[in-house]
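Rule-based calculations on the coordinates, nothing more; no lab input. Everything quoted here is computed from the prediction, not taken from an experiment. For neighbour counting, all protein chains shown are included, and Cβ atoms are generated from backbone atoms with ideal geometry for every residue, glycine included.
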Ligand SMILES: *Cc1c(COP(=O)(O)O)cnc(C)c1O
């Protein structure tokens, strides 16, 4: 069976990184967030392409991702781990030179005892209440922690995709209050924060979704094309039904294409009966339920049915599909499963 194909444009990822680097302004270093396997697109290929473009700071969610990334990119670039130094992480952090973003007194103690002198960063909570030390905890440990020279002190914005939201200014003020004058590189902004302007840039920015072509970076170049192979074509007579639970009934004699991908491949079941696939620019409605490995599509109006139909393409970007599925581009991308054959283009390799 022909695999469904996920085409990933590394040149577009590089162009998006360069654009966000330019937006981050002079004096600010632009890193790259490659957690969750680069939002589903392949951290090894993406990180190597971004290294060739000049990226030297990479961010992952957990130490295991840092191990895989280090093996892919070699010595040299810094790899920061958002979840910090968790129990069981010590060997990975020490052996592969990862930089844990310590987010509690407990983690500070663990890191200083297990790997004295090893690099680390600090994660502060400025109001999101998710991860990081809060003001009181930070005040207590700051003298010791700063004496050990952290590589980076960071926090994360909760509402950066909504520029007018008062939470942005509140978190900025709190971050300044907690860190002004510490003499250590600082980072506050992911993609959304970069777009809020220079006040938010500090020394290092950490874009993720914008690199991969997603909102809130409206000017992003599209990165992904997802083509699903047609594996059967059938005529369905008026009055017959298609798929689980008979949710679609042919009003006229119809031609139905069965394509090989389903909710196990990140095509949410909520797309049943409302998504659109594209045949060389011509829309074709999904009919009936999305099943685990298959989707059924009405192609009655096509004179020629192509060998594959597109779910993510120029006519329907990641965020368009996310709107139909009532989610966000991040979830669409990270849901694209391991069964797709990932084809890479460009990247300066
Ligand atoms: C995921 C994440 C980022 C990247 O966010 P985007 O919105 O994808 O740019 C940056 N910082 C932290 C702490 C994150 O968890």
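Peptide packing for 256-265, 140-149 was compared via the average number of neighbouring C-beta atoms within 10 Å per residue; ordered from the highest value, the list is 256-265, 140-149.
Return 82, 58 ranked ascending by Cβ neighbour count within 10 Å, so the fewest neighbours appear first. Don't skip to the end; give the middle numbers.
On the way: 82 22, 58 27.
Lowest count first: 82, 58.
Rounded to the nearest 500, the helix-only mean residue ellipticity at 222 nm of the chain stands at -8500 deg cm²/dmol, with each DSSP H run of n ≥ 4 adding -39,500 (n - 2.57). In the chain, the longest principal axis of the Cα atoms and the axis of helix 166-179 are about 30 degrees apart. Relative contact order of region 184-232, please, whole-number percent, based on alpha carbon pairs below 8 angstrom and at least 6 residues apart. For region 184-232, the relative contact order is 28 percent.
If I take R0 = 35 Å and measure r between the Cβ atoms of residue 44 and residue 327 in this structure, what FRET efficiency does the formula 1/(1 + (r/R0)^6) give, to the nearest 0.05?
Efficiency, rounded to the nearest 0.05: 0.85.
The DSSP beta bridges internal to the chain are antiparallel in roughly 55% of cases. If I fit a long axis through the Cα atoms of helix 10-24 and take the longest principal axis of the Cα atoms of the chain, what angle between them do I get, 0 to 90°, rounded to 10? It works out to around 40 degrees. This ranking places 244, 212, 340 by how few other beta-carbon atoms lie within 10 Å of each, fewest first, which gives 244, 340, 212.
Counting beta carbons within 10 Å around each of 165, 156 and listing the fewest first gives the order 165, 156. For the pair residue 241 and residue 219, label points projected 7 Å from Cα toward Cβ lie 5.2 nm apart.
Given contacts defined as C-alpha pairs under 8 Å and at least six residues apart, what's the relative contact order of the chain, whole-number percent? Spell out each step's value before the answer.
Details: 739 pairs, mean separation 69.1, N = 349.
Relative contact order comes out at 20 percent.
Taking Cα atoms only, the orientation of helix 63-73 departs from the longest principal axis of the chain by about 80 degrees. Using a ≥ b ≥ c from the Cα gyration tensor of the chain (square roots of the eigenvalues), is it rounded, prolate or oblate, where a/c under 1.5 gives rounded and otherwise the larger of a/b and b/c decides, a/b for prolate? In terms of gyration-tensor shape, prolate. Each of residue 280 and residue 5 was given a label point 7 Å from its Cα along the Cα-to-Cβ line. The distance between the two points is 1.5 nm.
I need the Kirkwood Rh of region 42-90: take the reciprocal of the average 1/r across all distinct C-alpha pairs and report it in angstrom.
Values: mean 1/r = 0.0906 Å⁻¹.
Averaging 1/r across every pair of different Cα atoms and inverting gives 11.0 Å.
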